[in-house]
1. Pro9 versus (1) over 30 Å from Arg105 (Cα atoms); (2) at pLDDT 75 or above; (3) surrounded by 10 or more Cβ atoms within 10 Å (Cβ to Cβ): which is the lone unmet condition?
2. Answer with yes or no whether Leu95 is outside any strand (DSSP E or B), surrounded by 11 or more Cβ atoms within 10 Å (Cβ to Cβ) and at pLDDT 95 or above.
3. Out of curiosity, is Arg99 in contact with a helix residue (DSSP H, G or I) (Cβ under 7 Å, 6 or more places away or on another chain) and among the charged types (D, E, K, R)?
4. Restricting to the range 60-92, count the residues that are outside any loop (DSSP other than H, G, I, E, B) and either touching a helix residue (DSSP H, G or I) at 6+ places or on another chain (Cβ under 6 Å) or of a type in the set (Ser, Thr, Tyr) (or both).
5. Which of the strands (runs of 3 or more DSSP E) contained wholly in the range 101-173 include at least 1 residues that are farther than 30 Å from Pro63 by Cβ?
6. Out of the range 65-109, which residues are touching a residue at least 40 places away in the same chain (Cβ under 8 Å), over 22 Å from Pro174 (Cβ atoms) and of a type in the set (A, V, I, L, M, F, W, C)?
7. From the list Leu121, Leu170, pick out the single residue that is within 19 Å of Leu65 (Cα to Cα), assigned by TED's automatic domain parsing to the domain that holds Ile89 and not acidic (Asp, Glu).
8. How many of the residues making up the range 73-101 are of a type in the set (S, T, N, Q) and farther than 12 Å from Leu121 by Cβ?
Amino acid sequence: MTATAAQTPFEILARYERLSLAHASGTQERFEAPGLWRGIGYRAGNRLFVSGIEEINELLAVPTLTPVPGTKPWLLGVANVRGNLMPVIDMARFLFSERTQHTERTRLLVVRQGGGNVALLVDEVFGQRTVDVEQRRGAEAEDDPRLARFVDDRVDVDGQRLALFSMGKLVRAPDFRQAAT
């Protein structure tokens, strides 16, 4: 009988926790270090974006949507998420007039806006990205006029050119707030 087999399930979990914490030593300090910015990376259309981790409340698989008549084509409908209705916006269609194709990688980014949440349909989510001071120094301005009002900089992170997308600017944009036709 091995030492692990003689342990209770609680003891095994406690051991895993100790090993995990020992392995992750310094991780929290690295993320909270001055000059580091954390975000969630995702793709909408052919563009790669990253938005501040504090701007995205939740990531969801796409639930069943109920269409809303009399709205712009980028408002896909409303979703019932744990008893709360929220509008679902096709981000690529809003930004580029390109419809997002639903795949197993398609996700919703839930973002807080005045009066509740809104869910943004994106092609895929890459997970957390960290941008440091050096990457910010090498940033370029956004040259796509459709994005310039939401994106200040584009940075290189892990070999990818990511646009730093402001969800706050998006949800305050008059055309985003006016989904009725």
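The values are calculated or read from the model by the stated rules, or taken from the named source; none is laboratory data. Note that this is a predicted model, so its numbers are computed, not measured. Neighbour counts are summed over all protein chains in view; Cβ atoms, including those assigned to glycine, are modelled from backbone coordinates with ideal geometry.
1. Single failed check for Pro9: (3).
2. In short, yes.
3. For Arg99, the condition - in contact with a helix residue (DSSP H, G or I) (Cβ under 7 Å, 6 or more places away or on another chain) and among the charged types (D, E, K, R) - is met.
4. Of the residues in that region, 2 qualify.
5. Answer list for the range 101-173: 124-131, 151-157, 160-165.
6. Scanning the range 65-109 gives Ala79, Leu108.
7. Leu121
8. 3
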